[in-house]
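The values are calculated or read from the model by the stated rules, or taken from the named source; none is laboratory data. What you see is a predicted model; the values in this text were computed from it and never measured. Quick reminder, even Gly has a Cβ in these numbers, built from the backbone with ideal geometry, and neighbours come from all protein chains shown. We work out accessible area using only protein heavy atoms, side chains counted, and drop any ligands, DNA or RNA first. Shrake-Rupley method; radii C 1.70, N 1.55, O 1.52, S 1.80 Å.
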Amino acid sequence: MTISAVSLALAFHGLQMEQFWDSLADVSLPLLLAAMAVYGAAVIVIAARWQFLLRALKFVPLAALTQLVLIGYMGNNVYPLRAGEALRILLLRRNHGLPLLRSTTIVAIERLFDGCVMLSFVLFSLLLIDIESDEVKTIVSVSAPLFALALLIALSLATKPNLLRRVVALALDLLPRRIGAVVASSSEELLAGFEGLRRPSHLLGAVICSYITWGIEAGAYYIVMRAFDLQLSYTVALLLVGAVNLAGLIPASPGQIGVYEFVVINILAALGIAIPLATACAVVAHVTIWLPTTVTGFFILLKQGMGWADVSRANTTKSVESAPSEAS
């Protein structure tokens, strides 16, 4: 929360409010509605990506996964600590019988894919755009080694699962039998979550969907920029999507409030956009992707027989491990 407050203060420091409101008044509402529709398409594709990674464990209909994705977005948008991720994992177990640890592993793989795609978007954009931004440089320098290491670990677990089994076998000699049984079972559940990476067709489908879904989201950003009559390219939209989501690594408030605006405003300003106009575009772009998913996700949550309290409760139970009897 402190980071978000500081980011908000920096983002809006010295803002000329009259010019800011003038910029908002000139925005094209039909284009904003179009951007919301485009973003909705991205949600469906990201659900398809989840389906590819789950197929090795169980086939879950795309419509059901899309609803869970929307619930997850809603949870992330209104509660800290990415409670939405825990909520969709718990609902996946409740509705479709998927063990917690396997589902958690797959969600972690999704986040890894997202990070790698975002990093590639930023690096690609920097090749085509002449921009000097300390914020972008910092984001790349911090995220690149983190995702490179995470990708190496994930590929190792997927292609050489016996490495983890050997480590666990050594640890079992040092642990009490009861704890050792839980560790052994949990390690197998974790390895099972990587099954989707071991099947070329599932892996390829997940990678393709990752690029398509974020490419579509960049399209929503591009439409928002056009709604403000900003003559900026789609490549700039790719840069914004990549930088904003990599900045999401920072433990900030729900929905990246503050951090989102700070990153977008600074990138647009570095491209020569006046601060009031850049601020208006950042705020509207954030609302465009935040509002529809939050409202829709909440109504789907109610349809699932749950409410706000369940979003909060999900974070307190997400650390629960799959019991040995859950393995299938």
- Note on the structure: Checking SER201, SER186 in turn, the sole residue that is over 30 Å from ILE265 (Cβ atoms), modelled with pLDDT of 90 or more and open to solvent by 60 Å² or more (accessible area, probe 1.4 Å) turns out to be SER201
- Task: Kindly list, by first and then second residue, each pair from a residue in the stretch 283-308 that is under 14 Å from GLY72 (Cβ atoms) and among the hydroxyl-bearing types (Ser, Thr, Tyr) to a residue that is open to solvent by less than 20 Å² (accessible area, probe 1.4 Å) and modelled with pLDDT under 95, limited to pairs with Cβ atoms under 7 Å and residues at least 6 apart or on different chains.
- Result: THR293/MET74; THR294/MET74
- Item | Residue, surrounded by the most Cβ atoms within 10 Å (Cβ to Cβ), within the stretch 36-83, restricted to residues that are closer than 27 Å to ARG199 by Cβ and charged (D, E, K, R) | ARG49
- Query: If only one of ALA280, ALA247, ALA252, ALA274 is open to solvent by 30 Å² or more (accessible area, probe 1.4 Å) and modelled with pLDDT under 95, which one is it?
  - Reply: ALA274
- Item | Residue among LEU123, LEU152, LEU98 that is crowded, with 18+ Cβ neighbours inside 10 Å and not small (Gly, Ala, Ser) | LEU98
